[in-house]
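Reading through the structure tokens given below for one structure.
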Amino acid sequence: LAPKTLAAIDAADVPSIVDAAFGLLSAAQVSGLTPAQFAAIDDSALATFGADQGAAITSAQIKLLDASAIDNLSGEAVLALSPAAISAIPTATFYKLDPTAFSSFTAAQIAAITPAQLATLDDTTVGTANTATATQAGAFGIEQAAALKPAQVVKMKSFDAASLSSDAIGALTPASAASLNLDGFASLQASYLTAAQAPAMTSKQMAMLD
């Protein structure tokens with residue numbers, strides 16, 4: 001079916017379409033679905049989505065998916081989501097994304113996660129969100145870093161904590177800075193810590209900075 005023809009199907013009839021058919025939709029067909037149609041797709045059908053379909057999901061479509069639908073969206077599709085689509089996922093459902101996806105997100109995808117979304121994630125998930133590469137860790141922005149909770153920061157591996165940008169390090173709250181694993185920090189990175197953060201640092205951390 002042409003995208004325009006597919007878009008003309010009543011949303012109420014979408015659930016009657018065989019699940020396997022959705023995994024065969026072209027990128028143009030997926031993006032051509034109305035938000036209402038997309039939200040009507042059965043969870044089991046979302047599990048058949050591949051990378052091409054995932055990359056075609058629009059912001060308007062994904063923001064209408066409920067928690068169950070997000071939970072069932074295939075790992076391939078999640079990894080292919082555009083930064084815009086990631087940012088559009090409501091905080092009420094964002095935590096349902098496959099946790100293993102975070103370790104494979106690109107820097108652009110990591111940077112697209114909003115502070116509000118970040119706050120909904122399990123502490124361990126956030127800790128592993130940037131353990132794949134230094135590039136991912138370096139993608140954390142100022143607003144994201146400021147939103148990190150101490151329990152999330154403490155889960156980050158030392159190498160990844162050391163890969164945070166100077167702006168991100170300086171944006172951490174004092175409590176979060178006190179939870180940093182400084183094993184991998186160099187003197188230059190330590191210099192990014194602010195005067196407001198220093199009083200909260202533990203004696204062990206201060207010894208590492210000497």
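The values are calculated or read from the model by the stated rules, or taken from the named source; none is laboratory data. Just so we're clear, the structure is a prediction, and the values are computed from it rather than from any experiment. Cβ placement follows ideal geometry from the backbone for every residue including glycine, while neighbour counts extend to all protein chains displayed. The protein model used for the area step is the full one, side chains on, heavy atoms only, and it has no ligands, DNA or RNA in it. Shrake-Rupley method; radii C 1.70, N 1.55, O 1.52, S 1.80 Å.
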Q. Can you list the helices (runs of 4 or more DSSP H) found entirely within region 92-133 that contain at least 1 residues being modelled with pLDDT of 65 or more and among the aliphatic types (A, V, I, L, M)?
A. 107-112, 115-118
Q: Please find, within region 154-195, the residue that is surrounded by the fewest Cβ atoms within 10 Å (Cβ to Cβ) out of those that are modelled with pLDDT of 80 or more and in contact with an Asp or Glu (Cβ under 9 Å, 6 or more places away or on another chain).
A: Y192
Q: Could you please find all residues in region 38-73 being open to solvent by 10 Å² or more (accessible area, probe 1.4 Å), under 11 Å from I89 (Cβ atoms) and in a helix (DSSP H, G or I)?
A: S59, A67
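So that you can scan it fast, the table gives a plain yes or no per residue for (1) surrounded by 22 or more Cβ atoms within 10 Å (Cβ to Cβ); (2) touching a His at 6+ places or on another chain (Cβ under 9 Å); (3) small (G, A, S):
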{"residue": "V78", "(1), (2), (3)": "yes, no, no"}
{"residue": "S87", "(1), (2), (3)": "no, no, yes"}
{"residue": "P90", "(1), (2), (3)": "no, no, no"}
{"residue": "Y95", "(1), (2), (3)": "no, no, no"}
{"residue": "T100", "(1), (2), (3)": "no, no, no"}
